[in-house]
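Peer 1: Supplied in structure tokens, the structure appears directly below.
Here, each number is a calculation from the coordinates, and none is a lab measurement. Keep in mind it's a predicted model, so treat the numbers as computed, not measured. Glycine also receives a Cβ, built like all others from the backbone with ideal geometry; neighbour counts cover every protein chain displayed.
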Amino acid sequence: MKINKLVTIMLLGIIGSFNQTLVSHAESNVTSTVSGEIISGEFSMSVPNDVSFSTKLSGQKQSIQIDDIQTSVTDYRGIDNGWQVIVKSPNFNQYQQHYQLKINNQFISDNSVIVYKNDKQSLIKDLSLSTSVELSADAKAGSYGGDLEWNLQPNIKNKIQE
């Protein structure tokens, strides 16, 4: 009989501690973390189309509207700062005495000029930039080509203080 009481007491003790273990685990909260990194995506501009013009000299200054320059900007960076399209003509000095290019109402030279500014993120933005040629009154007959270097840049909203 003593052995039965001893076994019963031991069993009750084991069951009691087991129940305490279950209760203590049920009452505690267990947490875990899911961490990750989201990396900026593509930020690019398609190659703009070439345009051309032909005109007859008149001895007068002429303004000639030509085909729009078309391009597309893709912005999957995941930031809302926007971007700008900049263009310059490295061979500007070879044709400047005959004509000047005007893209989106901006005269193009060998210095970089912003021809389009987008203040907010656009995942894909198709651009159609009006293009014209301002022909000088003393232009000389000939074939000329204005090379254009295009640059897509992110807008920077942070101001640097000195």
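Peer 1: Between Ile64 and Lys120, take the C-beta separation as r, use R0 = 35 Å, and let me know the FRET efficiency to the nearest 0.05.
Peer 2: 0.55
Peer 1: Same structure again: May I ask for the equivalent-ellipsoid semi-axes of segment 24-162, computed as the square root of five times each C-alpha gyration tensor eigenvalue and listed largest first in whole Å?
Peer 2: With the √(5λ) rule applied to segment 24-162, the semi-axes are 49, 15, 11 Å.
Peer 1: Oh, and also: At 20 °C and 1.002 mPa s, grab the translational diffusion coefficient of segment 26-68 from Stokes-Einstein with a Kirkwood Rh over Cα pairs, rounded to a whole number in µm² per second.
Peer 2: 118
Peer 1: Filter Lys88/Lys120; Lys56/Lys125; Lys88/Lys125; Lys61/Lys88; Lys56/Lys117; Lys102/Lys140 down to the pairs with a C-alpha to C-alpha distance above 31 Å, please.
Peer 2: Listed pairs above 31 Å: Lys56/Lys125; Lys56/Lys117.
Peer 1: Rg(Cα) of segment 84-135 divided by 2.2 N^0.38 Å?
Peer 2: 1.28
Peer 1: Through the Karplus equation 6.51 cos²θ - 1.76 cosθ + 1.60, θ set to phi - 60°, convert the phi angles of segment 42-55 into ³J(HN,Hα) values in whole Hz; use x for Gly and Pro.
Peer 2: Working through the residues one at a time gives 4, 9, 8, 10, 6, 5, x, 6, 7, 10, 9, 8, 8, 8 Hz.
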